[in-house]
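The values are calculated or read from the model by the stated rules, or taken from the named source; none is laboratory data. Predicted, not measured: the structure shown is a model, and the values here were computed from it. Here the Cβ positions follow ideal geometry from the backbone for every residue, glycine too, while neighbour counts run over all protein chains shown. Just the protein is used for accessible areas: all its heavy atoms, side chains included, with ligands, DNA and RNA removed. Shrake-Rupley method; radii C 1.70, N 1.55, O 1.52, S 1.80 Å.
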Amino acid sequence: DDFTSVPWASPDTALADKMDNFTVAIKGMYRELSWMEDKNTLGFVIMVLMLVRIMKATEVHPRTGLLTGTLKHGANDLWHFSLLFCLVFSFAATVSTWAFGSFREDFRDIRTSMKTQFKILMGELPEEFDEDLLLILFVVFSVMIQFCESCLHLFCPVFANKFG
């Protein structure tokens, strides 16, 4: 059943029956959406597994093996960088929600603050950015901390391995 099969205009059908038909249609749509979401998740897992398999297959060739070996060697550093970045990013979102959430719509909750922070890191400044000194300081220090963290965790190990 779907929404078009509900006889809304029919005077012969009781409202309770119409509502039951509508509820059945809603539940059917919810089952279909849930199935599609599960199918998309399964497809994503299969694609990741295929990527891992392709990377394992390219280890055999000397030139491509060098690339996959570099990825293996740097995976631990990349994992720790990602973990630390997520912690600092989450903390900055929490602080910005606490500091600006009561009077700025783009920091009203942690999720929105994270979206705003991401936009800031991509170079898009919030509206009326230049009117609030505290916001200017937060953006400058937040970007500076995340940039320095990126430099320390990504570039320093490269130089240490190269020149150390």
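Data overview
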{"quantity": "Extended-chain gain in nm, criterion 0.36 nm per residue less alpha-carbon gap, Leu78 and Ile145", "calculated": "22.4 nm"}
{"quantity": "21 Å Cα-Cα reach of Lys56 towards lysines, excluding residues that sit fewer than 8 places from it in its own chain", "calculated": "Lys72"}
{"quantity": "Lysines with Cα under 23 Å of Lys27, excluding same-chain neighbours fewer than 8 positions away", "calculated": "Lys18, Lys39"}
{"quantity": "Dipole magnitude (debye, nearest 20) for the stretch 24-164, charges at Cβ of Lys, Arg, Asp, Glu", "calculated": "940 debye"}
{"quantity": "Ranked order, Lys18, Lys27 - accessible area, probe 1.4 Å, largest first", "calculated": "Lys27, Lys18"}
{"quantity": "Paired Rg and Dmax values of the stretch 1-140, which use every Cα atom, in angstrom", "calculated": "25.6, 77"}
{"quantity": "Volume per residue of the C-alpha convex hull in the stretch 9-79, rounded to whole Å³", "calculated": "124 Å³"}
{"quantity": "Degrees between helix 110-121 axis and first principal axis of the chain (Cα, 0 to 90, nearest 10)", "calculated": "50 degrees"}
{"quantity": "Alpha-carbon radius of gyration plus Dmax, which is the widest Cα pair, for the stretch 60-142 in Å", "calculated": "18.1, 58"}
